[in-house]
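Visitor: Let me give you the structure first, and then I'll get to my questions.
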Amino acid sequence: MLITEERRLYLRKWEKEHRKMTPQRKQAMKIRSRRCYELHRKTILERHKVYAQVHSEQFKEYAHGYYLEHRDSICERQKTYEATHREQVNAEQKARYHVPIEGTCELCGSQRNLERHHPNYGAPLAVEIVCHSCHRKIHDS
Ligand SMILES: [Zn+2]
Ligand SMILES: [Zn+2]
């Protein structure tokens, strides 16, 4: 998140005071601020939105600066993502064309919401037929 000069000063001051506090006081403050947050969440979120709007130019600049600074790693990450993703998309397309969805879920025997699952995208035609919920479980685990 973008930190303006004003906010930086505020944070520094706050940090100084925070350091002087006893652990009990810190704990009490934590609880209070959490309670305050829960009570006023809507107002706080609204205020954040307004803050972002007011400082939108700075936000943009910041995002752009971030992009410039990290351009190489961003590009790199995107490339690897695309490469792995491309394999997945290709495999799914091939399987859709060659492997019909029929029968029952290989895991629970359900006949509804069947989908193809690729244990290995490098082998596009080696798919398992599973139902949607089993498929979710496979990918969650
Ligand atoms: Zn899958
Ligand atoms: Zn199933």
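Visitor: Inside region 73-106, can you point out the residues that are in contact with a helix residue (DSSP H, G or I) (Cβ under 9 Å, 6 or more places away or on another chain) and either at pLDDT 90 or above or charged (D, E, K, R) (or both)?
Guide: Within region 73-106, C105, E106 qualify.
Visitor: Restricted to region 121-130, and to residues that are in a loop (DSSP other than H, G, I, E, B) and within 11 Å of ligand 1 (Cβ to nearest atom), which residue is surrounded by the most Cβ atoms within 10 Å (Cβ to Cβ)? Steps first, answer last, please.
Guide: Pass one, region 121-130, residues in a loop (DSSP other than H, G, I, E, B): 121-127.
From the residues that got through so far, the ones that are within 11 Å of ligand 1 (Cβ to nearest atom) too are 121, 127.
On the way: Y121: 18, V127: 22.
Among residues in region 121-130 that are in a loop (DSSP other than H, G, I, E, B) and within 11 Å of ligand 1 (Cβ to nearest atom), the one surrounded by the most Cβ atoms within 10 Å (Cβ to Cβ) is V127.
Visitor: Please determine, by comparing only the residues of region 100-120 that are crowded, with 18+ Cβ neighbours inside 10 Å and assigned to a loop (DSSP other than H, G, I, E, B), which one is nearest to ligand 1 (Cβ to nearest atom).
Guide: The qualifying residue nearest to ligand 1 (Cβ to nearest atom) is H118.
Visitor: Does A63 count as among the aliphatic types (A, V, I, L, M) and under 25 Å from the mean Cα position of the chain (by Cα)?
Guide: Details: among the aliphatic types (A, V, I, L, M): yes; under 25 Å from the mean Cα position of the chain (by Cα): yes.
It is true that A63 is among the aliphatic types (A, V, I, L, M) and under 25 Å from the mean Cα position of the chain (by Cα).
Visitor: Here is a check on your reading of the model: is I138 within 16 Å of ligand 2 (Cβ to nearest atom), among the hydrophobic types (A, V, I, L, M, F, W, C) and assigned to a helix (DSSP H, G or I)?
Guide: Details: within 16 Å of ligand 2 (Cβ to nearest atom): yes; among the hydrophobic types (A, V, I, L, M, F, W, C): yes; assigned to a helix (DSSP H, G or I): yes.
So I138 fits the description; yes.
Visitor: Test each condition in (1) more than 8 Å from ligand 2 (Cβ to nearest atom); (2) in a helix (DSSP H, G or I) for S133 and report the one that comes out false.
Guide: For S133, the exception is condition (1).
The values are calculated or read from the model by the stated rules, or taken from the named source; none is laboratory data. Bear in mind the structure is a predicted one, so any value in this text is a computation, not a measurement. Glycine gets a Cβ as well: all are built from the backbone with ideal geometry, and neighbour counts include every protein chain shown.
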